[in-house]
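The values are calculated or read from the model by the stated rules, or taken from the named source; none is laboratory data. For clarity, every value in this text was computed on a predicted model and none was experimentally measured. No Cβ is skipped: glycine too gets one built from the backbone with ideal geometry, and neighbour counts run over all protein chains shown.
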Amino acid sequence: MLVLGIESSCDETGLALYDTERGLLAHALYSQVAMHAEYGGVVPELASRDHIRRAIPLLEQVFAESGIAHDAIDAIAYTQGPGLAGALLVGASVACGLGLALDKPVLGIHHLEGHLLSPLLASEPPEFPFIALLVSGGHTQLMRVDGVGQYTMLGETLDDAAGEAFDKSAKLLGLGYPGGPAISRMAQFGDPTAYKLPRPMLHSKNLDFSFSGLKTAVLTVVKNQTTNICEQDKANIARAFVDAIVEVLTAKCVTALKHTGLKRLVIAGGVGANQQLRESLNAAAVKKHFKVFYPELEFCTDNGAMIAFAGAMRLQINPDAAKKDYAFNVKPRWPLDSISTI
Ligand code: KG4
Ligand code: ZN
């Protein structure tokens, strides 16, 4: 089965062709990061307009690279939500327009399901069941995953998402957008003993997270500087921030594994690209005897491959999941556990 995947939920336009027999045949991505950096964050209207500009050339690129004819595809999977409404509408309209023109069925995919299943695209994929930590710009969730479409929420953030905390703290330090990679790079040069920031909810009995207090703590440290904040101080604060967030994320993953008795942990979403988080989880895995799986770096952040793959996985279970119904709608807010029954 050959599925075309289209991702346009935020600031990346991603297209991909995934075949259940031959694997990933082609994928193409355009990141709008440089355009939004000027404004310090994603500007929704600019994002939608740029998706319109990029979607068709990227679509043609994946067909050309794979040498596949347009009408050889079996279905089109597109990100239906959650995300920015205008941005989602671009992907949905391209998917449905193409579906109508080619007489192919379409299938709306949950963006986080794409992230969740993205480690299965790696050369050594995890087996079900596993615990998944979804850490992106909009979400921080711990899920138990028993199979495709079988997701149980174990805990989530009560306020800011992990990626959001990275981005906001980086902004406070004047490190630009997107903040995650910038603050992570800066932290490498920081003194770990210079500042100590709070570990929100580290000792709470549940698996929920809260990161807005951590961001406020960064704000307080920045405000308390009597002179202009120097580069070394920025690095020290970045280090304290990264140490705090990584410790909380690692501890909650270990608790989730302990509570469920599972031995496999999957990390998905943009923050999963973070080097310090990976080092901390790898160390915990050795100490606590579990295995940790990451998506390929290029599939950590938003991409079309994970959407094509999630579509193909769903269609393998239920071939009728894709429909020749082109009256599309999008779901900017869409809880992941609501899609748990196939
Ligand atoms: O999954 P993603 O591409 O988009 C969403 O669905 O939100 O995640 C983007 C988030 C941003 O907040 C970005 O700052 C963060 O992932 N991020 C990182 C790193 N790379 C991306 N955070 C920490 N360290 C990184 N290396
Ligand atoms: Zn994402």
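The single residue among E65, E60, E21 that is closer than 20 Å to R314 by Cβ and out of contact with any Phe, Trp or Tyr (no Cβ under 9 Å at 6 or more places or on another chain) turns out to be E21. Take the residues in the range 278-310 that are within 16 Å of ligand 2 (Cβ to nearest atom) and more than 14 Å from the chain's Cα centre (by Cα); name whichever of them is nearest to S8 (Cα to Cα). Among those residues, the one meeting the criterion is A308. Scanning the range 237-266 for residues being touching a residue at least 60 places away in the same chain (Cβ under 8 Å) and more than 25 Å from L175 (Cα to Cα) gives a total of 10. Are any of the residues in the range 128-137 under 27 Å from F309 (Cβ atoms), out of contact with any Lys or Arg (no Cβ under 9 Å at 6 or more places or on another chain), buried (at least 22 other Cβ atoms within 10 Å of the Cβ) and of a type in the set (V, I, T)? Yes: one or more hits.
One residue is enough: does the range 127-137 have a residue meeting the conditions more than 16 Å from G14 (Cα to Cα), within 22 Å of the chain's Cα centre (by Cα) and at pLDDT below 95? Yes - at least one qualifying residue is present in the range 127-137. A search for C-beta distances below 7 Å between a residue of the range 312-339 that is over 22 Å from L89 (Cα atoms) and any residue that is aliphatic (A, V, I, L, M) and part of a helix (DSSP H, G or I), counting only pairs 6+ apart in sequence or on different chains, returns M313/L117; L315/A321.
Residue-by-condition table, conditions (1) surrounded by fewer than 19 Cβ atoms within 10 Å (Cβ to Cβ); (2) charged (D, E, K, R):
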residue: V3; (1), (2): no, no
residue: S8; (1), (2): no, no
residue: T13; (1), (2): no, no
residue: L17; (1), (2): no, no
residue: T20; (1), (2): yes, no
residue: A26; (1), (2): no, no
residue: V43; (1), (2): yes, no
residue: L46; (1), (2): yes, no
residue: R53; (1), (2): yes, yes
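Annotation: L89 fulfils all but one of (1) crowded, with 21+ Cβ neighbours inside 10 Å; (2) farther than 19 Å from S136 by Cβ; the unmet one is (1). Filtering the range 25-78 to residues that are touching a strand residue (DSSP E or B) at 6+ places or on another chain (Cβ under 7 Å) and of a type in the set (S, T, Y) leaves Y30, S31, S66, Y78. Among the residues of the range 244-271, just one is crowded, with 20+ Cβ neighbours inside 10 Å and among the charged types (D, E, K, R), namely K252. Among the residues of the range 137-191, those that are touching a strand residue (DSSP E or B) at 6+ places or on another chain (Cβ under 8 Å), of a type in the set (G, A, S) and within 16 Å of ligand 2 (Cβ to nearest atom) comprise A161, A162, G163. Suppose we filter P82, P126 for residues that are more than 16 Å from ligand 2 (Cβ to nearest atom) and not hydrophobic (A, V, I, L, M, F, W, C); which single one remains? Checking each option against the conditions leaves just P126. Evaluate the range 280-289: report whether one residue or more is away from ligand 1 (no atom under 16 Å from the Cβ) and closer than 22 Å to F211 by Cα. Scanning the range 280-289 turns up at least one residue that is away from ligand 1 (no atom under 16 Å from the Cβ) and closer than 22 Å to F211 by Cα.
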